[in-house]
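Working notes for the structure below.
We did not get these values from a lab; they are worked out from the coordinates using the rules stated. As the structure is a prediction and not an experimental result, all values here were calculated from the model. Note that we place each Cβ from the backbone using ideal geometry, even for glycine, and neighbour counts take in every protein chain shown.
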Amino acid sequence: MNPLPVRFGALCLGLVLLAAGCGGDGDAASPAGQTLRYVAVGAPATAIHDPHGGIGNQSDLTRFALLYDVLAKPGPNGVTEPRLATSFEPDEKLTTWTIRLRQGVTFTDGRPVRAADALFSLRRIHAKAAENFGRLQMFDMDAARVVGDHTLELVTTRPYAEVPRALESMTFVIPEGTTAFDKPVVGSGPYRMVGGNAQNAVLERNDRWWGAKPPTRRIEIRAVPDPQARAQAVISGQADVASSVNPATVRQVSGDRNLKIVHRPAVTMYPFVMRLDREPFDDPRVREAIKLAADRRELVDKVFLGYGKVGNDLLTPADPSSPADVPQRTRDLARAKELLRQAGHGDGLELKLATTTSYPGMDTAATLFARQLGQAGITVRVTNEPPDTYWTKVFAQRDFYTGFFGGIPFIDVARVSLLGDAPTNETAWKRPDWDAAHWKAMAIRDEAERRRALGTLQRELRDEGGYVVWGVGDGLDLTSAQVSGLPDGPGFDSAFIERVRLGG
Amino acid sequence: MARALVVAMLRALLLFVAVSALVFGATELLPSDAAESRTGGRATAEQLAQMREGLGLDRPAWRRYLSWLAGLCHGDAGTSLVTDRPVAAMVAERLPATLTLTGCALAVAVPLMLLSAWLVGTASPRWRGPLAALATGVAAVPQVVFAAGLVVVFSAVLGWLPPVSLLPAEGSPLADPRPLVLPSLALAAPAAAFGAGLLGGAVADTVRRPHVRDAVARGLPRHRVAARHVAPFLLAPTARVLALTAGALLAAAAVVEMMFGYAGLGELLVSSIGTRDTPVVQAVAVLAAVAVLAGTAVADALGALTDPYARGRS
């Protein structure tokens, strides 16, 4: 047999492949490499198309962050990174803010993005306060107005120096007058919706977006509620990125060269929450004893398997205003027992600690803490409550339970759970002086000085409040080895995945 | 005949109302509601009251049930309390996934069931007992255990099949059949065993009938006896068992879909119970009930048509 035709054929095939590889922008050559398959936390059954209410699924939040422009997003070191907005200028009193928007931005249907669209969107978010934890409650939306095509004016109810931070992340802008949210609403973000089904959203790059061209042509977002299933999707090659996987999975796959772990520092916190208006937690000595009885290292090692940091009872250690000069609280059983004796519990104290399985390790944390408290002479009975009613029947109601915070900024924590008029003041932290100091701090124009004032507030809460913050866990994302550019900042930063790149 | 049809339809209607009322009542009895679920426990009492009013949850339960029923009569399954999307759309986008999964499961279960039933029914008396016991035993194993066992063997140890079954982003769930294998098997095995247990007795009874013995005595080949003298008697019970099995598969799909992360109707049902999304729960439960009712009706009709003794009458 003459081998020539075979070789000739192979040569031709090689040339064709080479030509395809070089042709165009390469999209056609490797369609698989141009689609990022992202598995996010979320229950497919509760997927929504309204970006202004409560966004419980990370899968929805990530999709919205790709489809819609936001006024600003969180940047490194707590600096606000402007997006659709180009500037935020306050008046003398810090109550009237002039916000200028980028010009020449259009929705994917061709309509221009105007100040009126932004204000319409902000008003909707404001009106849906019950669902979005009062995200924009600092504003008086009746007083807000459109000043020009690309300029709007917002008015706060009190002097509020942190307006740019308040407008970070969730300020998704949709066309003015939109009323139907049973289908995806048109946006102006880096991607647009092209399809999907019950579990998936398929997005394609919006080539008319104003920002730097995203490296990936197509992104598929899948909602999967179970962390183990998310990880398995990447391990079995059905996906490229799995958001928020279990520490145990990370330990298991470490050393696998086909996989990578992205650590997002300080995003998971399961503080133990004590109500200050109920016995025995109304006694500051009891609260301090409980904080002193915690073996923080052991908790971090067993709950987060070491992927995290020991806590110092500061609720927002990653916030730029978090005080850095506070000495680390360490375990001191003798002092804890002495405090309990002084408080009249010398011959023992019995407590009931509630927990649940909503987030991996919450139940372990409570069981372990109960054992640690036992060594200080406190008998704790742990009750494991069903996750579907925990956040409505136990959280913010019981006097001793396991809470959750997901790396949100201090001003958000203050608004939802610390100020006197917070919708759920879960520890009953009701201190008019603290509230007054908070509002005074928010009226300080100078950033460094304001951060110092906010830091003092956090310090008081650490010493006298009802939170045992024993540690913060890393957010752990699992990716295939060829993924790069996944965001690793705290909080909402992780939703902005338009810079993620596949291959090289 | 006409009277029988009316009676059958009335019975189906009554059953439908009873099932939907029962599901509604059960969801109502659970603590918490969709308004609390939507606000995530972070709303004031005032905001919650407002939200309940907006969702219509401030009305008494019986009125909400009646208006749901009235809506359904007009072909409106309502709006989800959690996502604000039409319930019909939420159910419709999941129907193909669950139909594909249960279809695959049935394709495996039915031949397996018939074969096992034949084995049990025609076994010698010494073996029939143990075989029937084996079928009952397998039928009693929950799908969870099957699913876990299959994942351990085929994913963890052999690495042949994925342990999770995500829907493909676009196109039919059958586009990549590999993720369907394990959930289908987890559904099929207990269903086949359950059906075999029920049908085994019918096979045994039929082969003992005088005309079968007569045919065997006349020296007819075995396969002809099976096809002409045994099978007609088995059609009606088989149809009934199939109707039951299909219903049971839908219920079991809820468990299996959750385990494999497969976004079908079962997963929708379980998640919606979690968020107290009553209209969605109602829609899925009623759909499953209708499937079982329709299956039973078809089985009854088939039974009446194929009953060899009924031929020539009425």
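Details
- Projected label distance in nm at A:VAL147 and A:ARG459, using a 7 Å step from Cα toward the beta-carbon: 3.8
- Taken residue by residue and averaged, Cβ atoms of other chains lying within 10 Å of the Cβ of B:82-94 number 4.
- Three-way shape label, region B:123-205, alpha-carbon gyration tensor, a/c 1.5: prolate
- Average Cα contact separation per residue, region B:50-196, under 8 Å, 6 or more apart, as relative contact order %: 29
- In summary, the lysines within cross-link reach of A:LYS309, defined as a Cα separation below 19 angstrom excluding same-chain residues under 8 places away, comprise A:LYS291.
- Protection-proxy order for peptides B:60-69, A:108-117, each taking the mean of Cβ atoms within 10 Å per residue, highest first: A:108-117, B:60-69
- Straightening the chain between B:ASP76 and B:ALA12 buys 21.0 nm, computed as 0.36 nm per residue apart minus the Cα-Cα spacing.
- Folded to 0 to 90 degrees: helix A:58-67 orientation relative to chain A principal axis, Cα: 50
- Here the dipole of region A:342-404 is about 20 debye; that uses its Cα centre as origin and unit charges on the Cβ of Lys and Arg (positive) and Asp and Glu (negative).
- Straight-line reach from A:LYS430: taking Cα to Cα under 16 Å and skipping same-chain neighbours fewer than 8 places apart, no lysines fall in range.
- Taking other residues whose beta carbon is less than 9 angstrom from the beta carbon of A:LYS393, and scoring Lys, Arg as +1 and Asp, Glu as -1, yields -1.
- Charge dipole (the protein assembly as shown, unit charges on Cβ, about Cα centre) - positive-most of B:GLY264, A:LEU36, A:GLY110: B:GLY264
- For the pair B:ARG209 and B:LEU305 in one chain, pulling the backbone fully straight at 0.36 nm per residue adds 32.5 nm over the alpha carbon distance.
- Fewest-first sequence of A:GLU350, B:GLU257 by Cβ atoms within 10 Å of each Cβ: A:GLU350, B:GLU257
- Cα gyration tensor shape of region A:368-504, rounded if a/c is under 1.5, else prolate or oblate by comparing a/b with b/c: oblate
- Sum of side-chain charges, A:ASP347 neighbourhood, beta-carbon under 13 Å (Lys, Arg +1; Asp, Glu -1): +1
- When each of A:TYR401, A:TYR270 is scored by the number of other beta-carbon atoms lying within 10 Å, the sequence from fewest to most is A:TYR401, A:TYR270.
- Taking every alpha-carbon pair in region A:188-288 and binning the separations at 10 Å intervals from zero gives 12, 27, 25, 18, 11, 8, 0 percent.
- Gyration tensor verdict on the protein assembly as shown (Cα atoms; rounded if a/c is under 1.5, prolate if a/b is larger than b/c, oblate otherwise): prolate
- GNM flexibility winner over chain B from B:ALA193, B:ALA169, B:ALA291 (Cα, springs under 10 Å): B:ALA169
- Dipole axis of region A:270-468 (+1 Lys, Arg; -1 Asp, Glu on Cβ), positive-most option in A:MET274, A:PHE410, A:ALA366: A:ALA366
- Dipole magnitude of region A:72-166 about its Cα centre (Cβ charges: Lys, Arg +1; Asp, Glu -1), debye to nearest 20: 240
- Of all DSSP-defined beta bridges confined to region A:270-468, some 40% are antiparallel rather than parallel.
- FRET efficiency, A:TRP439 to B:LEU30 (Cβ-Cβ, R0 45 Å, nearest 0.05): 0.65
- Note on B:VAL157 and B:ASP58: their simple-model spin labels are 6.1 nm apart, each label 7 Å out from Cα toward Cβ.
- Taking 7 Å steps out from each Cα toward its Cβ at B:ARG218 and B:LEU235 produces label points 1.9 nm apart.
- Annotation: lysines with alpha-carbon distance below 20 angstrom to A:LYS73 (same-chain offsets under eight excluded): A:LYS213.
- Size of charge dipole - chain B - debye, nearest 20, with Cβ of Lys, Arg +1 and Asp, Glu -1, no other charges: 1700
- Relative to the dominant Cα principal axis of chain B, helix B:265-274 is inclined by about 40°.
- Multiplying the residue separation of A:GLN103 and A:ARG381 by 0.36 nm and removing their Cα-Cα distance gives an extension gain of 94.1 nm.
- The local environment of A:ASP332, defined by Cβ-Cβ distances under 13 Å, has a net charge of +3 under the rule Lys, Arg +1 and Asp, Glu -1.
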